[in-house]
Amino acid sequence: MFDLIVKGGTLPDGRVADIGIVGEKIAAIEPALEAQAGEVIIATGDLVSPPFVDPHFHMDATLSYGIPRVNGSGTLLEGIDLWGELRDLATVDEMVERALTYCDWAAAMGLLAIRSHVDTTPDHLNTVTAMLEVRERVKDYIDLQLVAFPQDGFYRAPNGRENVLRALDMGVDVVGGIPHFERTMADGAASLRDLCEIAAERGLMVDIHCDETDDPLSRHVETLAYETVRLGLQGRVAGSHLTSMHSMDNYYVSKLLPLMAEAELSAIPNPLINIVLQGRHDSFPKRRGLTRVKEMQAMGIRVGWGQDCVLDPWYSLGTADMLDVAFMGLHVAQMTHPDEMARCFTMVTETNAAIMGLGDYGLRVGATASLVVLDAGNPTEALRLRAGRLAVVAKGRVIARGERGDERLDIPGRPALVRRRLER
């Protein structure tokens, strides 16, 4: 007897199977389950996937587009300036409500695990207070991992170091940083040493906004790899963005990639945002700043796609759909071989889960019973169509259903959210 059976779905590897769920766990995956269930989802002909995962987001800023005004230049730096004003205007309640709305969007899209960077610059730490509340309120359907992120610099901001430590003491999960935003290259390198030592002492993961610039000489990822090996943090450290690698000398990159592989660094490019923000100072040819995805993967470096922003000071679009993210990444990285396209789907599911250290993730017996039924027959078709979500199961419970047209979200204590798919 199962609480829920998903019948006849096609798994990402091409197998057709029934998935039996008991409580919050997957209890069986077999070609045909001859058993009763309290609820059955018929998925014949549909792709059944583990949930989507976003390893890089800014939930404290999401859905704030236009406040206090629109980013006129479209640059990263103007976005940072705008956010610097907004974070002192926004109340805890406002940030919580915006974030919960975004989590509704995410859940309806089958995005059930998110790593969000939380700005620790302001001494009031309202951002941290708000996101800790959100993490608690969505824990039944979204795994929200928080990063202590000193947006204005670990050393450059007056209380940058102190506030990162305060945030970690409050319960934030991951150590973050932004070395290229420190006053000097030397300060950036020193901040990485300090941050990695904090993570080593506390047994935490590290996720650094690293070399998010068009400057080909911004090379903090090299220092990040060194500190990772020095402190024995292999497998626990990620470099986000890495856009400077787009512009680096090829000989230097041939030295850098083996160092990253040796350190077991993960890389998190954010294609929607990287191609919009980078190259703003160029005339033509105009750079688009996406890091060297295929080259890193060829070296065995774990690379996952991140969303980064939705309707905030840096990005005026977005829907919480990780298929949009992978679709754009596929194009900009020129990953059009069938194997590469399938890998792009894996990057927003299994790869991102590994980056976040989600040990109970996946379509296997004993894993958490979270999955998505997609209106597509295989991962490549899901990317091509940005397929609709026919059902979303979070920790054993159906929270969203679609009828190849409408999707409804039903979370206890939250208003129902109906989202209509675009006609194609």
Which of the trypsin sites (Lys or Arg not before Pro) found in the range 163-249 are loop residues per DSSP with 12 or fewer other Cβ atoms within 10 Å of their Cβ?
-> Arg183
Among Ala376, Gly329, Gly396 the positive-end extreme of the charge dipole of the range 269-413 (Cβ point charges) = Gly329
Net dipole in debye of the range 239-326 [+1 Lys, Arg Cβ; -1 Asp, Glu Cβ; about Cα centre; nearest 20] | 300 debye
Cα-centre dipole for the range 208-257 with unit charges at Cβ (Lys and Arg positive, Asp and Glu negative), debye to 20 | 300 debye
Dipole check, the range 1-147, charges on Cβ (K,R +1; D,E -1), about Cα centroid: among Val128, Leu89, Pro50 the Cα furthest to the positive pole belongs to Pro50
Tilt of helix 250-263 relative to the longest C-alpha principal axis of the chain, in degrees (0 to 90, nearest 10)?
-> 60 degrees
Of Pro285, Trp305, Thr319, which is farthest along the charge dipole of the range 52-356 in the positive direction, counting Lys and Arg as +1 and Asp and Glu as -1 at C-beta?
-> Pro285
Report, in degrees rounded to the nearest 10, the 0 to 90 angle that the Cα long axis of helix 76-89 makes with the longest principal axis of the chain.
-> 80 degrees
Expressed to one decimal in nm², the mean projection of the alpha carbon convex hull of the range 98-239 is 8.9 nm²
Loop-resident trypsin sites (Lys or Arg not before Pro) in the range 1-54 with no more than 10 other Cβ atoms inside 10 Å, DSSP not H/G/I/E/B, are none
Trypsin sites (Lys or Arg not before Pro) within the range 105-162, DSSP loop, no more than 14 other Cβ atoms inside 10 Å = Lys139
Nearest-20 debye value, the chain charge dipole, Cβ charges on Lys, Arg, Asp, Glu = 720 debye
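Values quoted throughout were computed directly from the atomic coordinates according to the rules given, and no laboratory measurement underlies them. As the structure is a prediction and not an experimental result, all values here were calculated from the model. Here the Cβ is made from the backbone with ideal geometry for all residues, glycine too, and neighbour counts use every protein chain on show.
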